[in-house]
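Below you'll find the structure, written out as structure tokens, and then a few comments.
The values are calculated or read from the model by the stated rules, or taken from the named source; none is laboratory data. Please read all numbers here as calculations on a predicted model, not as lab measurements. Every residue, glycine as well, gets a Cβ built from its backbone with ideal geometry; the counts of neighbours run over all protein chains shown.
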Amino acid sequence: MENQTIIDALLLGVLEGLTEFIPVSSTGHILLAGHFLGFNSTGKTFEILIQLGAILAILSVYAAKLWRMAVDLPRDPKTQRFVAGILIAFLPAAVLGVLLHGFIKTVLFESPILICIMLILGGLVLLVLDKLELEAKYHDITAFPLSVYLKIGLFQTLAMIPGTSRSGATIVGALLMGVDKRAAAEFSFFLAMPTMAGAFAYDLYKNRDVLSAADLPVIGIGFAAAFITALFVVRHLLDYVSRHGYALFGWWRLLVGGVGLIALMIWG
């Protein structure tokens with residue numbers, strides 16, 4: 001394994017961990033960075049499989065809460081309803097992800113201009129939404145109406161387009177449904193668990209014949225870097241958005257998308 005490949009995998013892993021749970025599109029950032037670094041992974045699996053590091057980071061942060069939910073699930077109606085809500089929100093993306101997997105990986109993942117455009121459009125949406133005086137009707141993520149869980153899940157399907165952002169789509173959907181800023185980010189965390197785990201498992205299954213042992217060290221480096229950096233983000237994001245909202249992420253998307261378009265016009 002070449003030193004440059006190790007460095008690229010490390011940088012992309014850090015980028016995945018830093019951006020997975022904030023509404024800026026981790027996949028968009030990784031695909032753009034990989035494009036300009038000249039980094040090519042087998043079947044574009046690296047970009048999906050290193051998400052396992054971010055999944056494990058959020059599982060470790062929420063381990064106590066998840067254990068309590070598992071213990072309460074057989075007898076507590078509130079916990080049962082919350083788990084049902086997560087599954088309802090997860091299903092739309094699961095169905096579309098399976099149906100459109102080939103198109104997403106071979107067409108959308110290969111369109112850096114589309115990624116930049118979606119970054120810019122998403123940034124504008126966040127900036128506008130952050131200025132609106134939306135009434136927050138829901139503050140407890142375990143007590144949304146089932147219809148709200150479903151609508152948030154439908155918003156998540158927009159993230160099939162790289163550059164949109166899974167967390168961004170779910171957060172925007174939640175805010176429009178009357179969820180407060182902190183709860184919107186926290187529910188995005190919980191919805192990420194089945195969504196990212198499902199994407200990881202399905203992509204691994206679909207590419208089982210093209211992956212080789214030579215791919216594992218690169219994926220392992222990206223995984224470890226994503227895990228460490230995602231831990232930091234998950235532990236601090238909720239407090240940040242409670243105090244400052246989402247405007248910073250909107251401006252960041254505009255910057256990255258704009259610079260990306262300029263770089264593509266200059267270097268291709």
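Can you give me the ranges of the helices (runs of 4 or more DSSP H) entirely in region 19-80 with at least 1 residues that are free of Cβ contacts under 8 Å to residues at least 12 places away in the same chain?
Hits in region 19-80: 63-72.
From the list 198, 163, which one is at pLDDT below 95, touching a Gly at 6+ places or on another chain (Cβ under 9 Å) and on the phi > 0 side of the Ramachandran plot?
Going through 198, 163 in turn, just one is at pLDDT below 95, touching a Gly at 6+ places or on another chain (Cβ under 9 Å) and on the phi > 0 side of the Ramachandran plot: 163.
Yes or no, residue by residue, for (1) hydrophobic (A, V, I, L, M, F, W, C); (2) touching a Lys or Arg at 6+ places or on another chain (Cβ under 6 Å); (3) buried (at least 23 other Cβ atoms within 10 Å of the Cβ); (4) modelled with pLDDT under 95:
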site	(1), (2), (3), (4)
43	no, no, no, yes
46	yes, no, yes, yes
72	no, no, no, no
96	yes, no, no, yes
101	no, no, no, yes
106	no, no, no, yes
112	no, no, no, yes
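Looking at 199, 183, 247, 226 in this structure, which one is in contact with a His (Cβ under 6 Å, 6 or more places away or on another chain) and aliphatic (A, V, I, L, M)? It would help to see each step written out before you state the result.
On the way: 199 fails: in contact with a His (Cβ under 6 Å, 6 or more places away or on another chain); 247 fails: in contact with a His (Cβ under 6 Å, 6 or more places away or on another chain); 226 fails: in contact with a His (Cβ under 6 Å, 6 or more places away or on another chain).
When all the criteria are applied, what remains is 183.
With respect to residue 235, determine if the residue is part of a helix (DSSP H, G or I), charged (D, E, K, R) and modelled with pLDDT of 95 or more. Spell out how you get there, then give the answer.
Working: part of a helix (DSSP H, G or I): yes; charged (D, E, K, R): yes; modelled with pLDDT of 95 or more: no.
Judged against the criteria, residue 235 is not a match.
So, of the residues in region 159-204 that are of a type in the set (Val, Ile, Thr) and assigned to a helix (DSSP H, G or I), which turns out to be surrounded by the fewest Cβ atoms within 10 Å (Cβ to Cβ)?
My answer is 172.
Please work out which residue is surrounded by the most Cβ atoms within 10 Å (Cβ to Cβ), limiting yourself to region 205-237 and to residues that are out of contact with any helix residue (DSSP H, G or I) (no Cβ under 7 Å at 6 or more places or on another chain) and under 30 Å from residue 180 (Cα atoms).
Restricting to residues being out of contact with any helix residue (DSSP H, G or I) (no Cβ under 7 Å at 6 or more places or on another chain) and under 30 Å from residue 180 (Cα atoms), the top hit is 232.
Can we say residue 180 is out of contact with any helix residue (DSSP H, G or I) (no Cβ under 8 Å at 6 or more places or on another chain) and closer than 18 Å to residue 47 by Cα?
Answer is no for this residue.
If I filter region 145-158 for residues that are in contact with a Phe, Trp or Tyr (Cβ under 9 Å, 6 or more places away or on another chain), surrounded by fewer than 17 Cβ atoms within 10 Å (Cβ to Cβ) and more than 21 Å from residue 100 (Cα to Cα), do I get at least one hit? Reasoning before the result, please.
To start, the set of residues in region 145-158 that are in contact with a Phe, Trp or Tyr (Cβ under 9 Å, 6 or more places away or on another chain) comprises 145, 148-149, 152-153, 156.
Filter again for surrounded by fewer than 17 Cβ atoms within 10 Å (Cβ to Cβ), leaving 145.
Now restrict to residues that are more than 21 Å from residue 100 (Cα to Cα): 145.
Yes, region 145-158 has at least one match.
Mind listing just one residue for me: the one in region 238-250 that is in a helix (DSSP H, G or I) and touching a helix residue (DSSP H, G or I) at 6+ places or on another chain (Cβ under 7 Å) and, of those, surrounded by the most Cβ atoms within 10 Å (Cβ to Cβ)?
My answer is 249.
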